[in-house]
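Down below is the structure, laid out as structure tokens.
Bear in mind these aren't lab numbers, they're just calculated from the coordinates by the rules spelled out. Keep in mind it's a predicted model, so treat the numbers as computed, not measured. Positions of Cβ are backbone-derived with ideal geometry, glycine not excepted, and every protein chain shown enters the neighbour counts.
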Ligand code: ADP
Ligand code: MG
């Protein structure tokens, strides 16, 4: 099968090495690893896409490519395995979808009982649903079919969808394994898969899906093309990633885990009993100033029970809100997100896992009511706002007792060029002091792994 569809346009091929380096620097400091990496493209017309796809891109209002798209699309269109790391909201989905459609259109059409050709795996159900939706405008234009398969929803419906045939399956790893086993393998097989996506890969591994992902990937032909995307990619993840991707091009835009500069980050040291009043103040400011503007807020808490308790309190104060977390069934979670996107209620309360990857344009305020306990989680949570060039504000509450978490949060602030507030500095210094005195273990390094990001 063919996977290389890219010929460098002559104006790009003619650039000197220094010019290319300069272009990458201008495009949010793109860093690359790997041999023969194509030059970033500057226009959609340089990507070697068909007119139908270009039409969809135009209709979606994507005037220019984002930095990750400019580098990743020609890399992937060249048939290369690719690791793409770029900030939240920078258009990574389109960076793997658009080359996938090109790839699929080039393959022999599916016969009965065949499919899919493109397999997209995500750590959460919500993200699978969102990517499936993102596919829709292209599917129509290109005459392709996609099925979304995730746990928690009736497997029967997914089985009948698959039986009707689909070039694309968007899924969570657990459900794929179930479907592979279903009906002696007559529902789903991976024989025709030649394009694999691991989205939010670090969290997928973090959540303990690694064995499942590897089991699936190992059933797919080894000459497949595999691409992996995330906003954060800790060094420790590299060896895992390389098990799934041979000889990849690695693209990093603007550092490994950096908060988008469009987001104003505020971090406040507050005791538990002072949080609620402050939250009311934040919401009060937002919803009185912008009374006519359609703005949304997202509040993160650590535990399911806390989400429901806060929901009651906010409702009593007159804020229509809903909550999502692992304790709710999937149909509820999906419809809550849909209603939040549609603007039916303005405030959503969530645990980290449930809101991963969520893309809501009107989201202006993120509040970490409970501080996230590691850097990647912080970056992802605040990255629900400030998307696609919009601005946003993220307010994080941290208690005196959470000095350990202050270390990572301060690091994230510094890396994104923001000032670390004095009270937070004090917490960090205090924590380091305790470490020196042998009263605490060091923070960091293992941060983000061992299931710490799980929805409790
Ligand atoms: P992430 O990098 O976090 O995966 P998404 O792929 O969800 O980000 O994209 C964030 C938003 O940006 C989406 O609403 C998407 O439609 C929009 N978007 C993607 N590419 C472009 C582009 N080239 N121009 C403008 N908006 C874009
Ligand atoms: Mg994404």
* Asked: What share of all Cα pairs of the range 111-170, in percent, falls into each consecutive 5 Å distance bin?
  -> 4, 19, 28, 29, 15, 5, 0
* To do: State, to one decimal in nm, how far the label point of residue 7 lies from the label point of residue 183, with both points 7 Å from Cα in the Cβ direction.
  => 4.4 nm
* Asked: By DSSP, what percent of the beta bridges with both residues in the chain are antiparallel, rounded to the nearest 5?
  -> 10 percent
* To do: Specify the angular offset, from 0 to 90 degrees and rounded to the nearest 10, of the alpha carbon long axis of helix 330-342 from the longest principal axis of the alpha carbons in the chain.
  => 80 degrees
* Per the Kirkwood definition applied to all pairs of different Cα atoms, how many angstroms is the hydrodynamic radius of the range 252-395? -> 15.4 Å
* Asked: Given the C-alpha centroids of the range 155-190 and the range 425-444, what is the distance between them in whole angstrom?
  -> 49 Å
* **Compactness of the range 305-456 as Cα Rg over 2.2 N^0.38 Å, two decimals** => 1.13
* How high is the FRET efficiency between residue 261 and residue 16 when r is their beta carbon distance and R₀ equals 22 Å, given to the nearest 0.05? -> 0.15
* Asked: Convex hull volume of the Cα atoms in the range 66-107, per residue, in Å³?
  -> 56 Å³
* Asked: Dividing the Cα convex hull volume of the range 116-275 by residue count, how many Å³ per residue is that?
  -> 172 Å³
* Asked: Over the range 58-157, what lengths in whole Å, largest first, do the semi-axes of the equivalent ellipsoid take, defined as the square roots of 5 times the eigenvalues of the alpha-carbon gyration tensor?
  -> 23, 18, 14
* To do: Would you kindly calculate the mean projected area, averaged across all directions, of the convex hull enclosing the Cα atoms of the range 285-366, in square nanometres?
  => 5.1 nm²
* Structure fact -> Log10 I(q)/I(0) at q = 0.12 Å⁻¹ for the range 157-210, from Debye over equal alpha-carbon scatterers, is -0.31
* Structure fact -> Rounded to whole angstroms and listed largest first, the alpha-carbon spread of the range 1-77 along its three principal axes comes to 34, 32, 21
* If you average 1/r over all unlike Cα pairs in the range 176-256 and invert the result, what Kirkwood radius do you get in angstrom? -> 13.8 Å
* Structure fact -> Quarter of the surface of the C-alpha convex hull for the range 84-135, i.e. direction-averaged projected area in nm², equals 4.5 nm²
* **Per residue convex hull volume, Cα atoms of the chain, in Å³** => 150 Å³
* Structure fact -> Between the Cα axis of helix 403-415 and the main Cα principal axis of the chain, the angle (0 to 90°, nearest 10) is 60 degrees
* Please quote Rg/Rh for the range 1-132 to two decimal places, taking the Kirkwood radius as Rh and restricting both calculations to Cα atoms. => 0.97
* Asked: Quick one: what do you get for the range 210-337 if you divide its Cα Rg by 2.2 N^0.38 Å?
  -> 1.50
* To do: Take every Cα pair under 8 Å in the chain that's 6+ residues apart, average their separations, divide by the length, and report that relative contact order as a whole percent.
  => 17 percent
* Asked: Can you pull the Rg over Rh of the range 39-84, Cα-only, Kirkwood?
  -> 0.96
* Multiply the residue separation of residue 362 and residue 33 by 0.36 nm, subtract the distance between their alpha-carbon atoms, and state the gained length in nm to one decimal. => 114.9 nm
* Burial order of peptide ranges 91-104, 418-431 (average beta-carbon count within 10 Å, highest first) -> 91-104, 418-431
